[in-house]
Amino acid sequence: MNYQNIINIILLVSVLGGVFVFCQTAEVQSQTRTIKLGVVNLDEITRRSLMSKDIARQIGAKRRTFRDEIKKEEEELRNANDDLEKQRILLAPEALERKLGILRQRTLALQRKVRQRNQEFIRIRAFGTREFEKERAKALMEVTKKHSFTLVFRQRMVLVRADFLDITKLVLEALNKRITSFKIPNDLTQTKK
């Protein structure tokens with residue numbers, strides 16, 4: 001092969017490569033699509049939505065009721081212990097031991113009750129969170145479809161954005177329109193998971 005043949009091969013490859021790149025560019029340009037972006041602050045929606053406020057109100061009310069109930073039982077145990085201390089001198093050792101055993105059983109029962117209620121609150125909070133997130137996702141999808149958004153990002157994943165990209169208010173309005181309150185069932189075992 002001589003020098004002229006090598007130059008001709010290089011020119012041929014360059015021309016074919018240029019035609020290939022031009023064809024691909026033309027094909028991509030004919031498929032141009034508009035991308036509509038949105039940024040949503042899910043934390044703000046959680047803080048400001050009527051549904052999440054209602055769930056928090058119900059959990060708070062259940063917690064206050066439980067706290068008052070526990071305080072009452074603790075006070076009863078304290079009073080029983082004080083009475084037992086006063087009777088310590090008057091009671092026979094067997095009677096004192098029997099009453100101390102009953103007091104210990106009541107204390108253990110109260111501790112068990114506190115653990116059970118704490119687990120119940122964990123389940124209630126998880127249930128409320130799951131239901132809220134389902135409704136929030138539905139509202140987000142509704143806004144996304146209605147306004148033809150191609151991509152929606154969480155605000156915490158975006159470092160800098162223009163204000164017009166923020167769709168938080170739209171999603172919040174859609175969610176508050178969809179559901180304003182939510183009733184947490186008294187017995188979560190009856191609900192489907």
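What the table shows:
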item	result
Computed FRET value (nearest 0.05) for ARG115 with LYS71, which takes r as the C-beta separation and R₀ as 25 Å	0.90
Difference of contour (0.36 nm per residue) and Cα-Cα distance, GLN87 to HIS147	14.0 nm
Amide H partners (placed H, <5 Å) of GLY38, local residues excluded	LEU151, VAL152, PHE153
Full-extension gain in nm, ARG57 to THR32, via 0.36 nm per residue minus C-alpha separation	4.1 nm
Whole-angstrom gap from the stretch 159-178 to the stretch 35-98, using each part's C-alpha centre	37
Cα pair distances in the stretch 34-193, grouped into 5 Å bins until the bin that holds the longest one, percent each	1, 8, 13, 13, 11, 9, 8, 7, 6, 5, 5, 4, 3, 3, 2, 1, 0, 0
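No lab work stands behind these numbers, since they all come straight from the coordinates. All values reported here derive from a predicted model rather than from experimental measurement. Backbone-built Cβ (ideal geometry, glycine too); neighbour counts: all protein chains shown.
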